[in-house]
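Below is one structure; the comments refer to it alone.
Each value in this text was obtained by applying a stated rule to the coordinates, not by laboratory testing. Predicted, not measured: the structure shown is a model, and the values here were computed from it. Because the Cβ atoms are built from the backbone with ideal geometry, glycine has one as well, and the counts that use them run over all protein chains shown.
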Number of protein chains: 2
Amino acid sequence: MAKVQARVEAALGRFLPSASIAPQRLHDAMRYAVLGGGKRARPLLAFAAGEFAGADPARLDVVACALECIHAYSLVHDDLPCMDNDVLRRGKPTCHVEFDEATALLVGDSLQALAFQLLAEHRLSDDPVVQMEMVKILAVAGGSRGMAGGQAIDLASVGQALSLPELEHMHIHKTGALIRASVALGARCSTALAPAQLGRLDHYGKCVGLAFQVVDDVLDQESSTATLGKTAGKDAADNKPTYVSLLGLTRAKALAEELREEAHAALTGLGGNARRLSELADFLVLRKF
Amino acid sequence: MAKVQARVEAALGRFLPSASIAPQRLHDAMRYAVLGGGKRARPLLAFAAGEFAGADPARLDVVACALECIHAYSLVHDDLPCMDNDVLRRGKPTCHVEFDEATALLVGDSLQALAFQLLAEHRLSDDPVVQMEMVKILAVAGGSRGMAGGQAIDLASVGQALSLPELEHMHIHKTGALIRASVALGARCSTALAPAQLGRLDHYGKCVGLAFQVVDDVLDQESSTATLGKTAGKDAADNKPTYVSLLGLTRAKALAEELREEAHAALTGLGGNARRLSELADFLVLRKF
């Protein structure tokens, strides 16, 4: 995993515009927002799915970086004062604190454009029709019926008493859509997999994505700001419904465990060597930060 | 032109998610930001270039809507308080005034994603490799070395005494990149054109794009808020360098005229019937709002 993380960090460094190219301040801020931090959960999932499918790692670099650009843009925009108004991210001042709000807005906008540029300018599949499908997968996962839509539901739910299905609906969009897309895009860098295998991988991605968020809610409650590298206890302070506020800590942990088992079960009938995917489900659910 | 505008309006209405689909408020705000207004300059250019190339109008609908989604997202984000802080757009309250800042932020993010979704989910070229190139053209035009980068240069130039080349550099990015992409994308909906023809069209797009901005600067100075549908005189009030502040009204108008002639000249050697493109250069430069 450390090897993939280092590899993706290097690829991001290459794909992001140099801070010496105009507009320098914007490029500097884009690099600040993306480089040198984060678990790289989405790249790890893309690599694990891609390796299972026998994909060329150079293609997985591109897909991993596109996913990370989308993820980083969403963090920069979510941290803005008009949204979650947060000052700490990955142990550093958030982008709008380090630079300014207008720059942070443009950083997010530019990172989203860069993600699609990456998917379009590199060959990612032997079949260009599959590659076009990959662009669509990322666009849908990031858009109003995916991640951005989940964020809108999140905003609307502050102070609301959500039901468990409503909370799940929010997180399947806000966090789940892009995690699921990570698995889907990694797998599609090879044309070796059958539709049934892609279907099982997709179910795995869905379970891991939801489990990831349940664990996030648990950690927000149980961990310290220093460990998380972002402000802890913020959900409760902001009066946001979470799995912990809805189920309590014990049942939230049990739910994460259930989802981890369901993710493993999805891998069982997959055929081939799914060890990396299996380990990753454990890593993402059993993590401490 | 009215026919194309009506056609694009109808297509946008179909392609934008219905306000009855969750998250409703976000979808409602996306429709508010895009529908019912604007000159649709970019769609008109895409249609004119596409018709010249003999492209299927159904393909041009898609490209026109993708361009308009990118343009509308940039207006919504530019109008935010941390950017230009404007309250009036297309004769209506800006998106963050009508809804709220967080929603306006997500509207922009979602519209950008939708633009790429549209380019990916419809067949736009007989050659999928050309279609992938179209995705790249839009991504580059919208990103940090295109429109978003131009906006960053714009922010940095408030209160600065720019030279004419510096001002041109800013506008070639901020406004010019997407206008140029409009011509390029429309033309690529057909595979009929030769590289030399695409090169001439690109030069036409570049001239029209810059002329468009010079005229914008003139109108910002000469027109009323009621005529423009947006706050007039704002550039001077915000201490922004413009063609008018740099050259004065007379020389700015002469520059627009020169660029219009250069656009016509680019069409001269093009072959075929370029009447629509020619008329459009006149329309966009001689407009009064």
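Worth a mention:
- Of the residues A:Cys207, A:Val107, A:Ser20, the one whose Cα sits farthest towards the positive end of the charge dipole of the stretch A:2-286 is A:Ser20 (charges of +1 on Lys and Arg Cβ, -1 on Asp and Glu Cβ, taken about the Cα centre).
- For the protein assembly as shown, a simple Cβ point-charge model (Lys and Arg +1, Asp and Glu -1, everything else neutral) yields a dipole of about 780 debye relative to the Cα centre.
- Between A:Thr191, A:Ser157, A:Thr231, the Cα set farthest toward the positive side of the dipole of the stretch A:135-247 (charges on each charged residue's Cβ, about the Cα centre) is that of A:Thr191.
- Cα gyration tensor, the stretch B:232-275 - rounded (a/c under 1.5), prolate or oblate: prolate
- Each other copy places its own label point for A:Ala58 at 3.8 nm from this one, sorted shortest first, where the point lies 7 Å along the Cα-to-beta carbon line.
- Chain A comes nearest to the axis taking it onto chain B at the Cβ of one residue; that residue and its distance, in whole Å, are A:Pro128, 2.
- Among the listed pairs A:Lys3/A:Lys136; B:Lys39/B:Lys92; B:Lys92/B:Lys234, those beyond 19 Å (Cα-Cα): A:Lys3/A:Lys136
- With the gyration tensor restricted to C-alpha atoms of the stretch A:87-187, the semi-axes of the equivalent ellipsoid amount to 27, 22, 11 Å, longest first.
- Mean Cβ count within 10 Å, highest first, over the residues of peptides A:80-90, A:32-42: A:32-42, A:80-90
- Whether chain A is rounded, prolate or oblate, judged on the alpha carbon gyration tensor where a/c under 1.5 counts as rounded: oblate
- If the convex hull is drawn through the Cα atoms of the stretch B:176-272, its volume per residue in Å³: 111
- Electrostatic dipole magnitude of the stretch B:2-286 [Cβ: Lys, Arg +1; Asp, Glu -1; Cα centre; debye, to 20]: 580
- Inter-copy label distances for B:Lys39: 5.0 nm (label point placed 7 Å from Cα along Cα→Cβ; shortest first).
- Set of lysines with alpha-carbon distance to A:Lys253 below 17 Å, sequence-local pairs under 8 removed: A:Lys288
- Exam field: A:Ile21 pseudo-label spacings to other copies (7 Å along Cα-Cβ), nanometres: 3.4
- Three-way shape label, the stretch A:108-159, alpha-carbon gyration tensor, a/c 1.5: oblate
- Residues in the stretch B:176-192 carry Karplus couplings, in order, of x, 4, 6, 5, 4, 5, 4, 5, 4, 6, x, 5, 7, 6, 10, 9, 7 Hz; the curve used is 6.51 cos²θ - 1.76 cosθ + 1.60 with θ = phi - 60°, and Gly or Pro positions show x.
- A cut-off of 5 Å between modelled amide H atoms, ignoring neighbours fewer than 5 places along the same chain, links B:Arg89 with B:Thr94.
- Taking the centroid of alpha carbons for each part, the stretch A:71-111 and the stretch A:169-240 are 20 Å apart.
- Rg and Dmax, both from the Cα atoms of the protein assembly as shown and both in Å, are 23.9, 75.
- Total charge dipole magnitude, the stretch B:210-289, about the Cα centre, Cβ charges on Lys, Arg, Asp, Glu only, Debye to nearest 20: 180
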